[in-house]
Amino acid sequence: MNRYPFAYDHSRPFLAQVGEWVADVFYDILPEAGFEVRDEQIYMAYQLERAFDQKMTIFAEAGVGTGKTLVYLLYAICYARYTRKPAIIACADESLIEQLAKPEGDLAKLVRHLSLSIDARLAKSADRYLCLTKLDQAQTDDEHADVFKAVYEELPAFVHQYKAMQSFHAYGDRKQYPHLTDPQWDKISWDSFQDCFACDQRHRCGQTLSREHYRKSGDLIICSHDFYMEHVWTYEGRKREGQLPLLPEHCAVVFDEGHLLESAAQKALTYRLKHSVFEPLVSRLLQNDIRESLAVLIDQAIDRSESLFDVLSGHCQAIPGSDRKRVVLSPSLLEEVRLFRQVIDGIEEELVFESELYTLNEYQLRIVEEHLEMIHKALSLFQRSEALISWVTEDEDGLTLVIMPRAVKEVLSERVFALRIPVVFSSATLSVNGSFDYIASSLGAPQYLSFSTKSPYDYENQMEVLAPRWPNGASFEEKMKAAVSLINRTEGRALVLFNSKEELRRFKELLPTYPECADLRFWFEGDAEISHLIGAFQRDETSVLCAISLWEGLDIPGPSLSNVIVWSLPFPPQDPVFMAKREAAAAPYEEVDLPYMLLRLQQGMGRLIRSREDRGIVAILSEEIHQDAKLRQAITELMPQGVRLQD
């Protein structure tokens with residue numbers, strides 16, 4: 001089999017030859033298969049050739065319909081084969097991974113029309129995999145035990161059988177259980193408090209087997225932003241502990257929907273502390289023949305942890321509409337943090353001496369040391385409280401303290417941009433007033449290339465944008481009537497975008513009271529695995545998809561999506577992350593709330609027109625548009641050329 005999809009001349013620069021082949025693809029090969037020639041696509045290809053040739057970071061802002069995904073896939077595949085290292089394609093979330101890899105997706109188009117054999121493998125986040133330990137518990141302790149027993153019985157035979165010469169394969173992906181609701185899945189999927197290193201089923205775990213599979217990819221590894229940033233953040237620690245990094249050495253990274261990377265980076269750098277996890281973990285050391293000084297410190301650490309969480313329970317405030325509670329820092333709380341950290345430091349010092357005596361199980365010691373290091377890093381952030389964001393969540397096992405740094409650009413600068421590999425940020429929304437300096441500065445990209453190209457679509461004749469007026473103050477019931485009328489106008493074929501789970505829940509509860517919708521099928525995010533819902537919506541042309549997370553990336557050309565209903569303007573939530581951003585801003589509304597909303601609204605509106613043949617309406621169900629002239633003007637300026645915001 002030929003290594004490259006073209007005849008490679010070793011006497012000429014490789015990327016120049018890739019550029020010539022890409023030009024043939026877009027000017028000749030794909031048009032013969034029915035694709036249109038797009039000048040914007042050719043322009044993007046030329047710009048990416050520069051970035052790959054110079055091993056530079058590039059911000060590639062390309063409007064809807066430019067075919068940007070095909071461009072970066074072609075360069076990534078060729079460069080991976082040239083360097084003999086896979087390229088990483090990092091999507092905004094797991095549902096977008098599935099869209100890229102689906103049978104009718106862009107990868108499949110390249111395989112079919114270019115006769116390419118592409119080795120592309122999916123690297124999904126740990127919480128997208130079944131946890132065998134949690135599944136065992138759920139079969140006996142949960143109200144849905146029968147559902148979970150059925151999942152258990154469907155597991156591959158090698159999970160239950162211990163015998164020689166067995167063959168193993170990856171399993172346990174969330175996509176394989178589309179019938180489970182999100183709450184059901186949460187009860188049997190991996191979470192950050194699972195102690196995988198001590199699990200006696202880890203070598204038969206679907207997550208472990210999937211990692212072995214995707215590491216062998218020859219062309220592309222497709223993952224989420226979250227997963228890539230977790231790889232970056234854990235890279236040194238995993239090597240130090242004798243583990244393989246989450247991702248293998250790679251030649252390039254493409255961040256699709258790259259404007260979302262900063263929030264993914266913050267999420268990856270987040271620490272979670274829980275007393276009910278810490279106590280049994282550190283108590284393992286007491287089961288060994290250890291010195292009395294270490295045993296005393298372990299008992300003190302357990303007491304200090306319990307004391308910290310007791311004080312913490314009196315220093316958190318509920319946030320309306322959020323399951324997160326804000327942490328109110330005070331001298332007494334900071335003192336508890338200091339005392340706990342002091343004991344942790346003492347244990348870490350004692351373990352250095354203890355390890356030289358060889359009285360501890362080396363494997364167990366490594367697990368405890370890693371957890372203590374995590375706690376140490378988390379508590380260290382409290383030394384500069386202005387540099388952290390923290391909140392508390394609560395469940396039946398008690399409080400969880402969540403800590404994340406405010407700024408992530410130092411980590412990105414050192415561990416992504418300093419690698420001297422091509423790094424591509426691709427999105428329709430990267431610049432602010434034509435400049436890329438804001439995103440480059442927030443991400444820590446010291447030097448970069450950039451370009452911007454508009455969408456080729458005729459929005460003036462393809463899109464209608466409505467902002468209904470509200471005689472009764474835009475109550476939920478009034479919005480329901482408007483939404484039902486809009487849905488019937490297009491006979492289904494609608495995507496309803498909500499800004500919170502609560503909005504979606506109320507809509508779902510009230511829907512049965514509207515007989516006009518009785519003959520339409522509605523799909524609700526959370527009722528099943530998300531890519532399963534998207535596929536069902538696309539196949540059932542007159543159905544309606546109701547979602548919270550599909551503002552970006554959803555690509556459904558054709559009549560199945562002819563109506564996008566924005567239930568409310570997507571302002572950022574009242575949660576500790578955005579509260580911290582507002583506190584740090586001189587003008588919170590102008591610097592935080594409004595830019596976030598406008599970007600998300602623009603992305604949501606972009607779900608409608610996905611081809612030259614598409615036609616449809618976008619309806620924004622907002623009272624604020626009619627009350628705030630400046631807000632209306634900002635939204636009006638967001639409209640594609642020729643499109644007016646109609647009442």
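Being of a type in the set (A, V, I, L, M, F, W, C) and under 30 Å from residue 613 (Cα atoms) narrows it down to one of 440, 445, 387, 428, so name that one.
Sole residue among the options that is of a type in the set (A, V, I, L, M, F, W, C) and under 30 Å from residue 613 (Cα atoms): 428.
Need the failing condition index for residue 313 against (1) open to solvent by less than 60 Å² (accessible area, probe 1.4 Å); (2) under 27 Å from residue 583 (Cα atoms); (3) of a type outside the set (A, V, I, L, M), just the number.
Checking residue 313 against (1) open to solvent by less than 60 Å² (accessible area, probe 1.4 Å); (2) under 27 Å from residue 583 (Cα atoms); (3) of a type outside the set (A, V, I, L, M), the one that fails is (1).
Could you grab me the full set of residues in the stretch 112-125 that are surrounded by 15 or more Cβ atoms within 10 Å (Cβ to Cβ) and assigned to a helix (DSSP H, G or I)?
Those that are surrounded by 15 or more Cβ atoms within 10 Å (Cβ to Cβ) and assigned to a helix (DSSP H, G or I): 113, 114.
Do we have any residue at all in the stretch 416-439 that's touching a helix residue (DSSP H, G or I) at 6+ places or on another chain (Cβ under 6 Å), aromatic (Phe, Trp, Tyr) and open to solvent by 60 Å² or more (accessible area, probe 1.4 Å)?
So far as the stretch 416-439 goes, no, none of its residues is touching a helix residue (DSSP H, G or I) at 6+ places or on another chain (Cβ under 6 Å), aromatic (Phe, Trp, Tyr) and open to solvent by 60 Å² or more (accessible area, probe 1.4 Å).
Got at least one residue in the stretch 482-496 being more than 32 Å from the chain's Cα centre (by Cα) and of a type in the set (D, E, K, R)?
So far as the stretch 482-496 goes, yes, one or more of its residues are more than 32 Å from the chain's Cα centre (by Cα) and of a type in the set (D, E, K, R).
Just need a number here: residues in the stretch 291-306 that are in contact (Cβ under 8 Å) with a residue 24 or more places away in the chain and either more than 20 Å from residue 376 (Cβ to Cβ) or among the small types (Gly, Ala, Ser) (or both).
Summing the residues that are in contact (Cβ under 8 Å) with a residue 24 or more places away in the chain and either more than 20 Å from residue 376 (Cβ to Cβ) or among the small types (Gly, Ala, Ser) (or both) in the stretch 291-306 gives 4.
Under 7 Å between Cβ atoms, at least 6 apart or on separate chains: pull out the pairs that start in the stretch 1-30 with a residue that is farther than 19 Å from residue 44 by Cβ and end on any residue that is modelled with pLDDT of 95 or more and polar (S, T, N, Q).
Once the first residue is farther than 19 Å from residue 44 by Cβ and sits in the stretch 1-30, its partners that are modelled with pLDDT of 95 or more and polar (S, T, N, Q) give 6/17; 8/17; 9/17.
Please go through the stretch 607-642 and give me each residue that is out of contact with any Leu (no Cβ under 8 Å at 6 or more places or on another chain), within 20 Å of residue 559 (Cα to Cα) and either among the aliphatic types (A, V, I, L, M) or open to solvent by 30 Å² or more (accessible area, probe 1.4 Å) (or both), ordered by number.
If the condition is that a residue be out of contact with any Leu (no Cβ under 8 Å at 6 or more places or on another chain), within 20 Å of residue 559 (Cα to Cα) and either among the aliphatic types (A, V, I, L, M) or open to solvent by 30 Å² or more (accessible area, probe 1.4 Å) (or both), then 609, 612, 613, 615 are the ones that fit.
Please go through the stretch 74-97 and give me each residue that is out of contact with any Phe, Trp or Tyr (no Cβ under 7 Å at 6 or more places or on another chain) and either over 16 Å from residue 224 (Cα atoms) or not in a helix (DSSP H, G or I) (or both), ordered by number.
74, 76, 77, 80, 83, 84, 85, 86, 89, 91, 92, 93
Determine, yes or no, whether residue 427 is under 25 Å from the mean Cα position of the chain (by Cα) and among the polar types (S, T, N, Q).
yes
Need pairs with beta-carbon distance below 9 Å; first residue under 15 Å from residue 498 (Cβ atoms) and within the stretch 476-487, second β-branched (Val, Ile, Thr) and open to solvent by less than 20 Å² (accessible area, probe 1.4 Å); sequence gap 6+ or separate chains.
Qualifying pairs under 9 Å: 482/565; 483/496; 483/565; 486/565; 486/617; 487/496; 487/544; 487/565.
In this structure, does residue 307 turn out to be open to solvent by 50 Å² or more (accessible area, probe 1.4 Å), small (Gly, Ala, Ser), on the phi < 0 side of the Ramachandran plot and assigned to a helix (DSSP H, G or I)?
Against the criterion (open to solvent by 50 Å² or more (accessible area, probe 1.4 Å), small (Gly, Ala, Ser), on the phi < 0 side of the Ramachandran plot and assigned to a helix (DSSP H, G or I)), residue 307 does not qualify.
What is the one condition in (1) more than 20 Å from the chain's Cα centre (by Cα); (2) in contact (Cβ under 8 Å) with a residue 12 or more places away in the chain that residue 203 does not satisfy?
(2)
Provide a single number: the residues in the stretch 399-418 that are farther than 30 Å from residue 554 by Cβ, at pLDDT 90 or above and assigned to a strand (DSSP E or B).
Final tally of qualifying residues: 4.
Return the residues of the stretch 285-304 that are β-branched (Val, Ile, Thr) and not in a helix (DSSP H, G or I); say none if nothing qualifies.
290, the sole residue that qualifies.
The values are calculated or read from the model by the stated rules, or taken from the named source; none is laboratory data. The model shown is predicted, which means the values in this text are computed figures rather than measured ones. Neighbour counts are summed over all protein chains in view; Cβ atoms, including those assigned to glycine, are modelled from backbone coordinates with ideal geometry. Surface accessibility is based on the protein's heavy atoms, side chains included, excluding ligands, DNA and RNA. Shrake-Rupley method; radii C 1.70, N 1.55, O 1.52, S 1.80 Å.
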